[in-house]
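Shown next, in structure tokens, is the structure this report addresses.
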Amino acid sequence: MGIKQNQYTIIMKKLLIPIVIIVIIIGMFYMLSGGKYNQAVTYQEDAITAWSNVESAYQRRSDLIGNLVKTVQGAADFERTTLKEVIDARSKATSINIDPSNITPDQMAQFQKVQSGLTSALSRLLVTVERYPDLKANQNFLNLQTQLEGTENRINVERNRYNESVGTYNKYLRVFPNNIVLTRLGNFEKMTRFEAEEGTEKAPDVDFDFK
């Protein structure tokens, strides 16, 4: 009986060692993967928040342009074609809705295209205003002009911050062993950056100098 008990104890000890090793490995993997998952979620949410700030800056510009259009519409004999171009471009720009967690390169390109179209239309309108001294002296117009200039700067800042957040997130997904662990833990996809349009290296320029 004693011999059998000793044999049983030896067998249990032999089995216990690999079981303990397996438990330790599983525990280590859980801690490793859990930490990486949480960090990926944090970086992803930071990038989504940064995109929301980009959209907010563009929305503020759209609102200011709407007020600018109303001011310009009050000017006698103002060029209706130029005004209509701005109104149409603003309508197109506000019609684009993007899911920040799933921005494709095509969606980003379309977003940039309509925003650039609005910038171009606005630039042409502001050039046209040169021929209307009453508008140039209108205090409401001057205030909107100043606010638009500040908003263009804010858009550039928020776009850069978004690109930085996306860069941090994308790099985190690609480095080893994150690229293996995270593909098995959740829906983490590479996010799309803003890119300079062909022929440009900075945000669209709007000329606000009417001196």
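One line per residue, one yes/no per condition, for (1) over 17 Å from the mean Cα position of the chain (by Cα); (2) over 22 Å from F194 (Cα atoms):
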position	(1), (2)
R60	no, no
D63	yes, yes
N67	yes, yes
G74	yes, yes
F78	yes, yes
E85	yes, yes
A89	yes, no
T94	no, no
P100	no, no
Odd one out for M191, checked against (1) at pLDDT below 90; (2) in a loop (DSSP other than H, G, I, E, B): (1)
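Can you go through T42, T49 and tell me which one is surrounded by fewer than 18 Cβ atoms within 10 Å (Cβ to Cβ) and at pLDDT 95 or above?
Working: T42 fails: at pLDDT 95 or above.
Unique residue meeting the criteria: T49.
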Qualifying residues in the range 168-190 (those that are within 16 Å of I48 (Cα to Cα) and aromatic (F, W, Y)) - the one surrounded by the most Cβ atoms within 10 Å (Cβ to Cβ): Y169
Criterion violated by Q115 - all others in (1) more than 30 Å from T42 (Cβ to Cβ); (2) touching a helix residue (DSSP H, G or I) at 6+ places or on another chain (Cβ under 8 Å) satisfied: (1)
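Report yes if some residue within the range 153-166 is over 14 Å from the mean Cα position of the chain (by Cα) and surrounded by 19 or more Cβ atoms within 10 Å (Cβ to Cβ); otherwise report no. I'd like the intermediate steps shown before the answer.
The first filter runs over the range 153-166 and keeps only residues over 14 Å from the mean Cα position of the chain (by Cα), leaving 153.
Keeping just the survivors that are surrounded by 19 or more Cβ atoms within 10 Å (Cβ to Cβ) gives none.
The answer is no; no qualifying residue exists.
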Pairs with Cβ under 7 Å, 6+ apart, first in the range 127-155 and over 16 Å from V86 (Cα atoms) and of a type in the set (A, V, I, L, M, F, W, C), second at pLDDT 95 or above and assigned to a helix (DSSP H, G or I): I155/A57; I155/Y58; I155/R61
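The values are calculated or read from the model by the stated rules, or taken from the named source; none is laboratory data. Remember, predicted model here, so these are calculated numbers, not experimental data. Every residue, glycine as well, gets a Cβ built from its backbone with ideal geometry; the counts of neighbours run over all protein chains shown.
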